[in-house]
Amino acid sequence: ENPLRGVNDDNLGPRFPDMSAPYDRELIETAKKAALKLQVPAQTGVFVAVPGPNLETRAEYRMLKAYGADCVGMST
């Protein structure tokens, strides 16, 4: 279940938070350096989460790839 669904509680902040830059760049660089130091392979990319439980169609996967997705997954 998506936390943005249902009744909105204004005390928790904006209904639709800005997701244009969801990760702190400095934190990403720190994680990359730590992985390199520990010789742990690390990659960056765009992960698209889909709700499931059904798989997407081939056309939907092509669309997500065209939108910039590197990996598609679900929690189920």
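The values are calculated or read from the model by the stated rules, or taken from the named source; none is laboratory data. Values in this document were obtained by computation on a predicted structure and should not be read as measured data. Every residue, glycine among them, receives a Cβ derived from its backbone with ideal geometry; neighbour counts consider all protein chains shown.
Overview of results
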{"quantity": "Answer from A21, A35 - the residue that is assigned to a helix (DSSP H, G or I) and either touching a Pro at 6+ places or on another chain (Cβ under 9 Å) or at pLDDT below 90 (or both)", "calculated": "A35"}
{"quantity": "Residue within the range 29-37 that is under 26 Å from N2 (Cβ atoms), without any contact (Cβ under 8 Å) to a residue 24 or more places away in the chain and either among the acidic types (D, E) or surrounded by fewer than 10 Cβ atoms within 10 Å (Cβ to Cβ) (or both) present", "calculated": "no"}
{"quantity": "Residue that is surrounded by the most Cβ atoms within 10 Å (Cβ to Cβ), among those in the range 38-57 that are in a loop (DSSP other than H, G, I, E, B), among the aliphatic types (A, V, I, L, M) and in contact (Cβ under 8 Å) with a residue 24 or more places away in the chain", "calculated": "V50"}
{"quantity": "Count of residues meeting criterion [within 29 Å of R5 (Cα to Cα) and either surrounded by 10 or more Cβ atoms within 10 Å (Cβ to Cβ) or of a type outside the set (A, V, I, L, M) (or both)] in the range 17-28", "calculated": "8"}
{"quantity": "Complete set of residues in the range 1-18 that are outside any loop (DSSP other than H, G, I, E, B) and of a type in the set (D, E)", "calculated": "D10"}
{"quantity": "Qualifying positions in the range 56-71 - touching a Phe, Trp or Tyr at 6+ places or on another chain (Cβ under 9 Å) and either more than 17 Å from M19 (Cβ to Cβ) or not small (G, A, S) (or both)", "calculated": "D70, C71"}
{"quantity": "Subset of the range 58-76 [surrounded by 10 or more Cβ atoms within 10 Å (Cβ to Cβ) and outside any helix (DSSP H, G or I)]", "calculated": "A69, D70, C71, V72, G73, M74"}
